[in-house]
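> What follows is a structure written as structure tokens; I'll ask about it next.
The values are calculated or read from the model by the stated rules, or taken from the named source; none is laboratory data. Note that the structure is predicted; figures quoted are calculated from it, not measured. Here the Cβ is made from the backbone with ideal geometry for all residues, glycine too, and neighbour counts use every protein chain on show. What goes into the accessible areas is simple: the full protein's heavy atoms, side chains included, and nothing from ligands, DNA or RNA. Shrake-Rupley method; radii C 1.70, N 1.55, O 1.52, S 1.80 Å.
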Amino acid sequence: MKKKVFVIFLLIFSIFNLHGAESQKDVYTLVKEDISYFKEILENGYVFYDELYKANPVKFNEKDILKKYKKLEKKLKKNTPEVNFVNGINQDALLSPLWYYLQDLKPNDGHLCIKTNSETWHLSNNIICFSSEYFFQKEKDNFILIESPDKLLTGKKFTDDISNLKKVIKNNQEMYMFAPCSFDYRQNSASLSLDDKNYTIPVEMMNSSVEDNTFIKLTETSDSLYFKIKDFSIVSETSKEKEFLAALDKIPQKMNNKKYIILDLRSNLGGYIFYAKELTAAIYGKREIEAERELIRSFFKLAEAGDIELKSYITARGLYDAAMNSDQSQGIIKMNKKKLEEQKKSYPKYFDGFLTQIPEKMPSDYQNTISEKIIILVDYYTLSSAEECIGYFYFLDENNITLIGLNTGGTMVGGQIIEYELPNSKLKIKLASISQAKTPLLNYIPAWKGENYGFYPDYWCDDKNIVSTVVALTEDKELEKVIVK
């Protein structure tokens, strides 16, 4: 009897073990499917892939990725948030080998990232600035220390890289602060060279935190028009679009008799470039008359000349899914569906835009100026189409633009960003389908310092003193109650 019971127990145990093995095998099958799909979207949906692979021919080994996943799955199991397990797949364990493969390709792309259910992992970070209490005055070609915690250093000459000196307004005076930039967020000290002698001094990360989440704020003072736009992620034919376009309609009239236009793009993460263009046109009075609209459309095309678009079934499907998932208008959904159907009949993958003529410089015919001085507020979280908007202003009226704040995020090399989702693990990957690397926007504006560096402001300040800086430059004290803090 005992022997019979033991045999039954072994049989049940074996069935459970077999079921567990089959279940585990099914999970690995799902992981393999996701790895294969990742390879497909990377090769057919990322505009920079071919160029990166040519420079760094790192083969995508699906078996090796799966092997690394299995190893990490056991190692990370206890430390992975519960929310990051999807269909039995550990998102963190799968993200890691995919992320490291992308890193081996050496992309320089601020948009490129992979998202789990709890975190976003970027392949590159934007550079950030660190403030100090050391201030200099420019005397001919030299910078002399005029204010610091150590009075004995006063009068010494700065003898290092002058890019570490940032123009600021302090006590209503223009001076230069020692403010080095770095990709290391953890920095708390820096080396300052005075009269060829190095001093280690404390530094603090300059940061910006705009707490007001109002979508649009359009306010006047006696001398200034203040316009804050939270983002350009606007869905057509929605109340948000109506609010935006209605605000633009008011701008020309409200600009009358103003000395300054304060355009607040802090924490504007970008969105659809169409709305950035509409804002630019509104401020320069190019929206009301069709002939003027045509003229500025030609200007936008010129500023973007040389962009290259990757067209494939993968990108067409991604754009169609994005339109569906964001509840876009039926017109836009139909347009993307038509492109998807056309792509099925076309080449599986090709690049469009190689033959576009790139101007050596922006022709003066397109340059415009207005009597109002334009001040644009920016920070690390001014990204993508918000940065392109700044580029348009520079080309239209370079000598009339003043940037105040922190350097922008530096995410312009890639355009038309499509988010793909791996079907089983639900990891999300953002890939650019347009390259703007050769456009005038990225090559003809001195204030643009490059991808991950962004636009450098004329006057540097963070959330502690941005209002006082604007007020000092405009002499408009009413702005103290207007500018979002």
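> Could you list all residues from region 181-197 that are open to solvent by less than 80 Å² (accessible area, probe 1.4 Å) and closer than 18 Å to residue 380 by Cα?
181, 182, 184, 187
> Can you tell me which residue in region 31-66 is most open to solvent (accessible area, probe 1.4 Å), limited to those that are out of contact with any helix residue (DSSP H, G or I) (no Cβ under 8 Å at 6 or more places or on another chain) and in a loop (DSSP other than H, G, I, E, B)?
Ranking the qualifying residues of region 31-66, first place goes to 59.
> Within the group 178, 227, 232, which residue is open to solvent by less than 10 Å² (accessible area, probe 1.4 Å) and closer than 28 Å to residue 323 by Cα?
232
> Would you call residue 128 open to solvent by less than 30 Å² (accessible area, probe 1.4 Å) and not acidic (Asp, Glu)?
Numbers: open to solvent by less than 30 Å² (accessible area, probe 1.4 Å): yes; not acidic (Asp, Glu): yes.
Against the criterion (open to solvent by less than 30 Å² (accessible area, probe 1.4 Å) and not acidic (Asp, Glu)), residue 128 qualifies.
> Would you confirm whether any residue within region 425-435 is open to solvent by 20 Å² or more (accessible area, probe 1.4 Å) and either hydrophobic (A, V, I, L, M, F, W, C) or farther than 30 Å from residue 32 by Cβ (or both)?
Looking for residues that are open to solvent by 20 Å² or more (accessible area, probe 1.4 Å) and either hydrophobic (A, V, I, L, M, F, W, C) or farther than 30 Å from residue 32 by Cβ (or both), one finds at least one in region 425-435, hence yes.
> Can you spot a residue in region 69-76 that is at pLDDT 95 or above and part of a loop (DSSP other than H, G, I, E, B)?
no
> Moving on. Is it the case that residue 346 is open to solvent by less than 90 Å² (accessible area, probe 1.4 Å) and free of Cβ contacts under 8 Å to residues at least 24 places away in the same chain?
Details: open to solvent by less than 90 Å² (accessible area, probe 1.4 Å): yes; free of Cβ contacts under 8 Å to residues at least 24 places away in the same chain: no.
No; evaluated as a whole, the condition is false for this residue.
> With respect to residue 248, is the statement that it is in contact with a strand residue (DSSP E or B) (Cβ under 6 Å, 6 or more places away or on another chain), of a type in the set (A, V, I, L, M) and open to solvent by less than 60 Å² (accessible area, probe 1.4 Å) true?
No: the conditions fail for residue 248.
> Here is a follow-up. Is there a residue being among the aromatic types (Phe, Trp, Tyr), assigned to a loop (DSSP other than H, G, I, E, B) and under 26 Å from residue 331 (Cβ atoms) anywhere in region 215-225?
Among the residues of region 215-225, at least one is among the aromatic types (Phe, Trp, Tyr), assigned to a loop (DSSP other than H, G, I, E, B) and under 26 Å from residue 331 (Cβ atoms), which makes the answer yes.
> With in contact (Cβ under 8 Å) with a residue 24 or more places away in the chain, surrounded by fewer than 20 Cβ atoms within 10 Å (Cβ to Cβ) and in contact with a helix residue (DSSP H, G or I) (Cβ under 8 Å, 6 or more places away or on another chain) as the only criterion, which of 279, 295, 265 stands out?
Numbers: 279 fails: surrounded by fewer than 20 Cβ atoms within 10 Å (Cβ to Cβ); 265 fails: surrounded by fewer than 20 Cβ atoms within 10 Å (Cβ to Cβ).
From the options 279, 295, 265, the qualifying one is 295.
> Is at least one residue of region 156-172 in a loop (DSSP other than H, G, I, E, B) and under 18 Å from residue 465 (Cβ atoms)? Quick ask: steps written out before the conclusion?
Just the residues of region 156-172 that are in a loop (DSSP other than H, G, I, E, B), to begin with: 156, 159-161, 171-172.
With the extra rule that they be under 18 Å from residue 465 (Cβ atoms), the set shrinks to 171-172.
Looking for residues that are in a loop (DSSP other than H, G, I, E, B) and under 18 Å from residue 465 (Cβ atoms), one finds at least one in region 156-172, hence yes.
> When residue 184 is evaluated against the numbered criteria (1) over 26 Å from residue 410 (Cβ atoms); (2) of a type outside the set (Phe, Trp, Tyr); (3) out of contact with any helix residue (DSSP H, G or I) (no Cβ under 8 Å at 6 or more places or on another chain), which criterion, by number, is the only one it fails?
(1)
> Now, a different point. State whether one or more residues within region 91-111 are surrounded by 22 or more Cβ atoms within 10 Å (Cβ to Cβ), part of a strand (DSSP E or B), at negative phi and of a type in the set (A, V, I, L, M, F, W, C).
No, every residue in region 91-111 fails to be surrounded by 22 or more Cβ atoms within 10 Å (Cβ to Cβ), part of a strand (DSSP E or B), at negative phi and of a type in the set (A, V, I, L, M, F, W, C).
> In region 351-363, is there at least one residue being more than 23 Å from residue 482 (Cβ to Cβ), in contact with a helix residue (DSSP H, G or I) (Cβ under 7 Å, 6 or more places away or on another chain) and acidic (Asp, Glu)?
No, that holds for no residue.
> What are the residues in region 449-463 that are among the hydrophobic types (A, V, I, L, M, F, W, C) and open to solvent by 20 Å² or more (accessible area, probe 1.4 Å), if any?
The answer is none; no residue qualifies.
> Residues of region 71-85 being in contact (Cβ under 8 Å) with a residue 24 or more places away in the chain and crowded, with 18+ Cβ neighbours inside 10 Å, which ones?
Matches in region 71-85: 72, 84.
> Of the residues 383, 396, which single one is out of contact with any Asp or Glu (no Cβ under 8 Å at 6 or more places or on another chain), assigned to a loop (DSSP other than H, G, I, E, B) and hydrophobic (A, V, I, L, M, F, W, C)?
383
> In addition: Would you mind finding the one in 208, 236, 191 that is in a strand (DSSP E or B) and of a type outside the set (A, V, I, L, M)? Steps first, answer last, please.
Working: 208 fails: in a strand (DSSP E or B); 236 fails: in a strand (DSSP E or B).
After ruling out the rest, the residue left standing is 191.
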